[in-house]
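The values are calculated or read from the model by the stated rules, or taken from the named source; none is laboratory data. All figures in this text were calculated on a predicted structure; none of them were measured in a lab. Neighbour counts are summed over all protein chains in view; Cβ atoms, including those assigned to glycine, are modelled from backbone coordinates with ideal geometry.
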Amino acid sequence: MPPINQLALTVEIKQPIKVVWKHLVDWQGQSKWMLQTKVWSELDQDKTVKNGKGVLIFAFTGLFAKFYPKLKFGVLDTMEVVNWQPPKRCDVVHIGRIIRGTGKFELVSKKNSTIFYWSEEIIAPAIFLAIIKPFLLVGVRISLRRFARLVERSGG
């Protein structure tokens, strides 16, 4: 069995939990703050689908991600929402060919702000994890800071 790797990061965002949640689950909007990543969901193609449990999310991460699918220098991560508790928690399972495991977004309300906990448990080939882990942590840290700035500037 391939090794399991757990990753976790936290960021504080100076906005109420409902505002943070609204931005967080705007799947296509994640492309604005996720480093080198283009994100979309089945909601973008089928307006009858409701956001929540069972929704499929796709994230292509790599060089020139915004040009995907014309340029494919990276990895496509396919996820399914398996736990949906607005405005506090969303869990996904990674169901792609390369990236497998689980992910969690958890929000905790704090006076005048929200704490955003991001965590992943990735099952992938050891060589893949060894190569991507440092870049993944740095990339996610940068992305979470970008997300915090975007939400704080949104004004609600």
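Summary of computed values
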item: Unique match (being more than 13 Å from TRP21 (Cα to Cα) and within 16 Å of the chain's Cα centre (by Cα)) among PHE105, PHE73, PHE60; result: PHE60
item: Test for PRO134: is it exposed (fewer than 15 other Cβ atoms within 10 Å of the Cβ), of a type outside the set (Val, Ile, Thr), modelled with pLDDT under 95 and under 19 Å from GLN6 (Cα atoms); result: yes
item: Odd one out for GLU106 among (1) of a type outside the set (A, V, I, L, M); (2) surrounded by 14 or more Cβ atoms within 10 Å (Cβ to Cβ); (3) modelled with pLDDT of 95 or more; (4) more than 16 Å from PHE147 (Cβ to Cβ); result: (4)
item: Number of positions in the range 115-148 that are assigned to a helix (DSSP H, G or I) and touching a residue at least 60 places away in the same chain (Cβ under 8 Å); result: 15
item: ILE127 being surrounded by 15 or more Cβ atoms within 10 Å (Cβ to Cβ) and more than 17 Å from SER41 (Cα to Cα); result: no
item: Lone unmet requirement of (1) at pLDDT below 85; (2) in a helix (DSSP H, G or I) for ARG153; result: (1)
item: Residue ID - surrounded by the fewest Cβ atoms within 10 Å (Cβ to Cβ), chosen from residues in the range 1-24 that are at pLDDT 95 or above and assigned to a loop (DSSP other than H, G, I, E, B); result: LYS14
item: Number of the exception - ALA59 against (1) within 23 Å of SER154 (Cβ to Cβ); (2) surrounded by fewer than 17 Cβ atoms within 10 Å (Cβ to Cβ); (3) not β-branched (Val, Ile, Thr); result: (2)
item: Members of the range 74-95 that are among the polar types (S, T, N, Q) and farther than 18 Å from TRP40 by Cβ; result: ASN83, GLN85
